[in-house]
1. What FRET efficiency do you get for A22 and D365 if R0 is 22 Å and r is their Cβ-Cβ distance, rounded to the nearest 0.05?
2. Could you order the peptides 233-245, 281-293 from most to least packed, using the average number of other C-beta atoms within 10 Å per residue?
3. Viscosity 1.306 mPa s, temperature 10 °C: give me the Stokes-Einstein translational D for the chain in µm²/s, with Rh taken as the Kirkwood radius over C-alpha pairs.
4. Pairs K86/K244; K63/K174; K145/K378; K216/K345: which are spaced more than 19 Å apart, C-alpha to C-alpha?
5. How much FRET efficiency would the formula 1/(1 + (r/R0)^6) give for A271 and D241, where r is the Cβ-Cβ distance and R0 is 35 Å, rounded to 0.05?
6. Between region 373-419 and region 196-233, how many Å separate their Cα centres?
7. Given 4 °C and 1.567 mPa s, how large is the Stokes-Einstein diffusion coefficient of region 277-318 in µm²/s, with Rh as the Kirkwood radius over Cα pairs?
8. Per residue of region 158-175, in order, report the coupling 6.51 cos²θ - 1.76 cosθ + 1.60 (Karplus, θ = phi - 60°) as ³J(HN,Hα) in whole Hz, putting x for Gly and Pro.
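Please treat every number below as a calculation from the coordinates, not as lab data. Predicted, not measured: the structure shown is a model, and the values here were computed from it. In this analysis, Cβ positions are derived from the backbone assuming ideal geometry, glycine residues included, and neighbour counts consider all displayed protein chains.
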Amino acid sequence: MKAKVREAISAVEDFFKTFCGAMPYFHVSDGIGNEKQNKDIFEGKFHGYIRLGCHPDHVALEKQLIEMEGGAVGRVCSDGMGAVIKAIEPTLSYFMRKKNLKKARVIIIRTLYGGSDDAGVYLDESLLYNVEVKFLYSTDPNLLKNLRKAITKNTVLIFFENPGNPTLPFVDAKGIVKVARSTQAKPKVACDNTFGTGFVHPFEWGVDIIVNSGTKYIAGASSWSLGFITLSKGFYAEHPDCWKEMFRWSCIHGGTLGPFEAFMTHTFSMADFPERIRQHSRNALVIARMLERHPLVERVIYPGLDSYEYKKNFKSHVKPIDGEMYYGGMIYFYIKGASEERTNKFLFYLNNNTSIPNKASLAGDVSSIESAYSLSHKGLSAEDKAKIGITPNSVRFSTGLEPPIGVYQELSEALYATE
Ligand SMILES: Cc1ncc(COP(=O)(O)O)c(C=O)c1O
């Protein structure tokens, strides 16, 4: 049987070389390796068993995503939370062993995705880990000072998002890296770049690890889930064994990306990805500017607005692409005087009467909206919500690819209809 498979492979090899303009889809879960390839398996070099992350469609996608972020090595997995946890856990384990630490500290900077926030709380609470998590706040005007104070000798990792989910603060990430490197503990810095996919480049700030929920902008169209981890060239060169540990943990953990999803992403999603990202951003800028003038809107947060509180950080961290600045597809806004009930009425009016669904995930082609207060960030305490600006009258809008004026008109219609 094995020989027959080999014959079949060699029969199509010439065909691939001479005919295929694009990579075909490999609907297989395993391959055949020689002795050397089997040894190489933990280096990610062997196109072997699918969970070991070396499926050809995984490798093709990883190549594109590593290049997008300017990383050294990377891995795709089944979803964004998989990427978050598979990056954090082995990094903690690697440095705890290397530094002979009994207990490690992780610093997590809120504002961040509710699931990642919960992962931080779990790491702190779980009896499986000897980890304490210290939460800081991106909205803290003394963030860098407080970060320096929070970095104890056993601090191993700092984790943040830029812009943060949901209220879009933009921290001085270069400052965070500088503070981290100037301490004795020299913790590594990891950034979730989901909100900044394609136009924000954290490795340029000195960040060591990037994770991304590709379920959102990378896959696009809200059709499948995907996660991605990549390491910076500097970090990988200095700590190749940390990558080996991540790779190994990922193989043990499972949560493999389906090969079809990998194929669809590298062949279709990535083809129009650069243009999609630009369009999300261009549309969002139009909508944010119009919302800012709406009589029923109290305040709009969007990095492209003059009123954006973190303008200075954004400008010093994000570069234009081909001469044009992009600010992303996410908008956060506050409805004048609205209670939680009225805000939910507004969301359900949109959901039931317009093309804008009320859902927690980000937009693909179609714009979407949600209340961070009662949905995506419901798990935070009232005090923490208030600290990062999540109020009952606020909503997170994720801009899709539709003509923006029509989308704004639907938002406006719903604001008046539920006044
Ligand atoms: C910033 C961010 N990180 C991570 C995740 C988790 O991604 P997934 O749902 O693909 O697990 C999300 C999900 O919304 C997110 O917004």
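1. Efficiency computed from Cβ-Cβ geometry: 0.45.
2. 281-293, 233-245
3. Value of D from the Cα-based Kirkwood radius: 71 µm²/s.
4. Cα-Cα > 19 Å for K63/K174; K145/K378; K216/K345; rest within.
5. Details: r = 36 Å, r/R0 = 1.02.
Plugging the Cβ-Cβ distance into 1/(1 + (r/R0)^6) gives 0.45.
6. Region 373-419 and region 196-233 have Cα centres separated by 24 Å.
7. Details: Rh = 11.1 Å.
So the translational diffusion coefficient is about 117 µm²/s.
8. Each residue's phi maps through the Karplus curve to give 10, 10, 7, 10, 8, x, x, 8, x, 8, 6, x, 10, 7, 7, 5, 5, x Hz.
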